[in-house]
Amino acid sequence: MVELSGVLGVALVALGMVLTPGPNMIYLVSRSITQGRRAGVVSLGGVAAGFLVYLLAANLGLSVVFLAVPELYVAVKLAGAGYLAYLAWNALRPGGVSVFAPEELPHDSSRKLFTMGLMTNLLNPKIAIMYLSLIPQFISLEAGNVLLQGFLLGSVQIAVALTVNLGIVLAAGAIAVFLARRPSWLRAQRYLMGTALGLLAVSVATDTSAPAASS
């Protein structure tokens, strides 16, 4: 049985991760504002599928691929860092716009929205690190079935992440209207998020830690 301390630990880690600006948040907010809440929810479905891929990979031992082929882990990490840097540049470049600023974009199909949500999450280095290094630390060998613990703790992370992200999707439009009436706030939000993304990209790219095997 999963220990309560493990559940609470994973929940706190998941909450901290989901509230930190990253690819998932940026993508979901931008889709919700430019194409509506339905598009945001469909995109969130793709993000959820990405969580399930990591959950299965970590708990069925497929994470050993990263250990056996460290170049693959580095490639995924650098791809994620590159994407973060791209988002940071879009926010900070001259003439850049805030993620909460309404913008006319072609409406993508539900299939494309889902796929983009999936790929955004799969290339999110925060999620890879969480499943390969952080969640296994809350698994107790004395508590019984390790595989079951892994799935249950991963499910806690998914529940927290989806709940918070759904709130972001539903509130994105209201936040955009609020900021649109306050141009200085909108500009400050853009610089703050762009800087945070840039620092996160540098942190991810320069991190030399190796992935840990799941218990």
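Of a type in the set (S, T, N, Q), more than 30 Å from residue 150 (Cα to Cα), out of contact with any Cys (no Cβ under 6 Å at 6 or more places or on another chain) and modelled with pLDDT of 75 or more - does that describe any residue in region 41-59?
no
Being outside any helix (DSSP H, G or I) and over 12 Å from residue 79 (Cα atoms) is the filter; apply it to region 106-125 and report the residue that is modelled with the lowest pLDDT.
106
Looking at 33, 26, which one is of a type in the set (Val, Ile, Thr), more than 27 Å from residue 135 (Cα to Cα) and in a helix (DSSP H, G or I)?
Result of the check over 33, 26: 33.
Which numbered condition trips up residue 71, out of (1) at pLDDT 75 or above; (2) under 12 Å from residue 23 (Cβ atoms)?
Unmet condition: (2).
Take the conditions under 20 Å from residue 47 (Cβ atoms), at pLDDT 90 or above and either crowded, with 21+ Cβ neighbours inside 10 Å or in contact with a Lys or Arg (Cβ under 6 Å, 6 or more places away or on another chain) (or both) and apply them to residue 128. Does it pass?
Judged against the criteria, residue 128 is not a match.
Quick one: in region 1-37, which of the residues that are open to solvent by 30 Å² or more (accessible area, probe 1.4 Å) and among the polar types (S, T, N, Q) is nearest to the chain's Cα centre (by Cα)?
My answer is 20.
Search region 147-169 for residues that are open to solvent by less than 30 Å² (accessible area, probe 1.4 Å) and pair each with any residue that is of a type in the set (Phe, Trp, Tyr) when their beta-carbon atoms are under 6 Å apart and the residues are at least 6 apart or on different chains.
153/138; 158/51
The values are calculated or read from the model by the stated rules, or taken from the named source; none is laboratory data. Nothing here was measured: the structure is a model prediction, and the numbers come from that model. Note: ideal-geometry Cβ built from the backbone for every residue, glycine included; neighbour counts use all protein chains shown. These accessible areas exclude ligands, DNA and RNA; they are computed on the full protein's heavy atoms, side chains included. Shrake-Rupley method; radii C 1.70, N 1.55, O 1.52, S 1.80 Å.
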